[in-house]
Amino acid sequence: MSLAAIVTRLRAAGCVFAEDEARLLAAAAPDPAELARLVERRAAGEPLEHVLGWARFRGLRVQVDPGVFVPRPRTEFLAEQAIAAAPGPAAVVVDLCCGSGALGAALVAALGEVELHASDIDPAAVACARRNLPGARVYEGDLFDPLPAGLRGRVDLLLANVPYVPTGEIPLLPAEARLHEARVALDGGGDGLEVLRRVAASAGRWLAPGGHLLFETGGRQAAHAVEAIARHGLTPRVAHSGDWDATVLIATRQG
């Protein structure tokens, strides 16, 4: 299957970056038969990252299995804010709703030796994160539930890339996300902030004095998210990136 034929097939399927995707698929396939299978999976609407088996995140190649939430480029802004807030290379980091483990991998790459713990409720995501985070402890369970009690009051950075799409807006998502990623990684409840509120309610018990909770949210949700955080004794501030079209809240447990 020639590169030109692949581009034509992908364009017909509505792939905007058909040329780039064609080159990636051709490089990923060990033989023509496998290449044809990969092209047809992509043309059928499967996310490119699931077809390739990896996603690029802050210069890293992060493994992403079918069904697992694909790390978004805008979440690199969350990673940048977390790296800037880290107290040093010996930081204790917890990544809730870790998905593939992309955030944790980015922090380890930037900071070096950290004590990293991660959790996700989706078994497929946990299996994926364990491969991407070989030096971390990755737990399966709901938010804080599977974490060891010894972490309470010790966490310097608590990352929580929680789902924040309102339930009623799930049908409006692109088909790639709506049909191929776990709903639990997308659906944030009625107003999109239900999981965030649960994290905020318990975060103070896990954070060290001066520790930070960081999460991504929609720009129009930021004011309500700030209220939810402040209600639980944390001091919030909002960071926004126009380049990434990303909004991150950083909430601090005062010392």
### Message
So if I check each of Val70, Val93, Val39, Val51, which one is of a type in the set (A, V, I, L, M, F, W, C) and closer than 14 Å to Leu133 by Cβ?
### Response
Val93
### Query
With respect to Val70, is the statement that it is at pLDDT below 95 and either basic (Lys, Arg) or in contact with a strand residue (DSSP E or B) (Cβ under 9 Å, 6 or more places away or on another chain) (or both) true?
no
### Task
Looking for whichever is buried (at least 22 other Cβ atoms within 10 Å of the Cβ) and either modelled with pLDDT under 95 or under 30 Å from Arg41 (Cβ atoms) (or both) here; the options are Gly135, Gly188, Gly211, Gly219. Which one fits?
Gly188
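Yes/no per residue for (1) modelled with pLDDT of 95 or more; (2) within 26 Å of the chain's Cα centre (by Cα); (3) open to solvent by 20 Å² or more (accessible area, probe 1.4 Å):
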| position | (1), (2), (3) |
| --- | --- |
| Thr8 | no, no, yes |
| Asp20 | yes, yes, yes |
| Val39 | yes, yes, no |
| Leu48 | yes, yes, yes |
| Trp54 | yes, yes, yes |
| Gln63 | yes, yes, yes |
| Asp95 | yes, yes, no |
### The listed residue being on the phi > 0 side of the Ramachandran plot and in contact with a strand residue (DSSP E or B) (Cβ under 9 Å, 6 or more places away or on another chain), out of Gly112, Gly101
Gly101
### Message
I'd like the full set of residues that are in contact with a His (Cβ under 9 Å, 6 or more places away or on another chain) and touching a residue at least 60 places away in the same chain (Cβ under 8 Å), limited to the range 231-255.
### Response
Ala246, Val248, Ile250
### Message
Residue under question is Thr247, and the condition is that it be polar (S, T, N, Q), open to solvent by 60 Å² or more (accessible area, probe 1.4 Å) and out of contact with any Asp or Glu (no Cβ under 6 Å at 6 or more places or on another chain); does it hold?
### Response
no
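The values are calculated or read from the model by the stated rules, or taken from the named source; none is laboratory data. Everything numeric here is computed off the predicted structure, so don't read it as measured data. All Cβ positions, glycine included, derive from the backbone under ideal geometry; neighbour counts span all protein chains shown. Calculation scope for accessible area: heavy atoms of the full protein, side chains included, ligands and nucleic acids excluded. Shrake-Rupley method; radii C 1.70, N 1.55, O 1.52, S 1.80 Å.
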